[in-house]
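Let me begin by presenting the structure, written as structure tokens, before commenting on it.
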Amino acid sequence: MLSRHGRTQEAVKCYKDTKELVEQQGFTLSSVLEQAATSLNEPSARAPVLFEIPFSSHHSLQLPIWTESKILSGLPALSGKSLEQLAAFSNPIRIDTETLTRNRTKEASDQVSQDLAAKTQAYRNLQRNGVNVERQVRGHIILVQDTLENTINDRKRRALWTILAQSQILVRLSITKEREMVRARTWNETAIASGQYADDALLVAAAIGHLAHLHLIWQHDTVEASHLLDQACDYGHDHPALDGWFSIVRAAIAAKEGKIQQSEDFIRQATETAHTVAHTPEYADAFFTDFGVVGVTAFAGNCLLKSGAPAKALGQLTSMNLEELADNRHASALYDISASYAALGELEPAQAYALRSI
């Protein structure tokens, strides 16, 4: 009979060997133990045994061994010790394997991808309506990642990477506090990486464009914003709504640098493009840019205001139908109208629009 020291050595060896064998079958021992722990109240006729291996008088390891499952199929012995010999270390407890095997890798269907894409769009609609969806989208991202981890087909994986990139951009757009610049940047950069795995040049271009805009509005870094926008343009030239959005971001950069004429030229380009693109959310907002006639008008007003042309800004801003603008942009548009009136010395309407923007 083995001494306590001998039993401990044998237990450690069996543990290490079993861990290696489990991992060779595509599992991790921690996940096996977790699944086993949740299965104790679901007895099954084809259940494995859970061995409690003592390491000291106060500590032991509960190690499940599946004698009939695929995990250890074809592996009748562990380091020369049969399962019966290993069983001599403790008393077995029978548990269920179904919760483990039912969650093994399964190919995601096209319908799963379609459902995840539809859910992503639903979150985007909520976000455009002024709802902060960050918490919900982060949960959604976990589901997309889990599906991706269990999908082998390259075409389906690319579709899931696309959904993941869109969701990550949504989180980035849901971060509205300038002091959280690093967090927003991180989400934006992960979206760029996901777009690359999706093999979608236009999506990568849009994600880089969002990052350029982020550097402009929160870092006030026109050099980095211009550099990033040049990269974005290298990736995508074939989507008019995306090109139009790049023009309006360039207009904002030029306005920030005091290049008024250049800013107005970019505004003109963007406006012309906005009148020619398909006026459907599926197209105009394909990359969460909210590009359209009313969106360009609001953006143009902001650029003109920053360029020191409040009268032109006010003309743009008051010409649009505010109700057509996404709810999440109402406050900024109203603020710009207020600021334009204030710059022109008209304090009463400035105060009225300021109150509406709150």
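Laboratory data are not the source of any read-out in this text; all were calculated from the coordinates shown. All figures in this text were calculated on a predicted structure; none of them were measured in a lab. Cβ atoms come from the backbone with ideal geometry, glycine included; neighbour counts cover every protein chain shown.
Points to keep in mind about this one:
- Electrostatic tally near Ala354: other residues with Cβ closer than 15 Å to its Cβ, Lys and Arg +1, Asp and Glu -1, net -2.
- Förster radius 22 Å - calculated FRET efficiency between Met181 and Leu322 (Cβ-Cβ, nearest 0.05): 0.15
- Among Val131, Val112, Val182, a tally of other beta-carbon atoms within 10 Å of each Cβ gives an order, fewest to most, of Val182, Val131, Val112.
- Around Ile267: net Lys/Arg minus Asp/Glu count, Cβ-Cβ under 15 Å: 0
- The protection proxy used here, the mean number of other Cβ atoms lying within 10 Å of each residue, ranks peptides 141-148, 206-213 as follows, highest first: 206-213, 141-148.
- Cα gyration tensor category, rounded, prolate or oblate, for the range 185-238 with a/c compared to 1.5: oblate
- The range 211-271 shape via C-alpha gyration tensor axes, a/c threshold 1.5: oblate
- Cα gyration tensor, the range 250-358 - rounded (a/c under 1.5), prolate or oblate: oblate
- Using 0.36 nm per residue and subtracting the Cα-Cα separation, the extra length available between Gln114 and Asn129 on full extension is 3.1 nm.
- Sites Leu344 and Ala201, calculated FRET efficiency, Cβ-Cβ separation with R0 35 Å, nearest 0.05: 0.20
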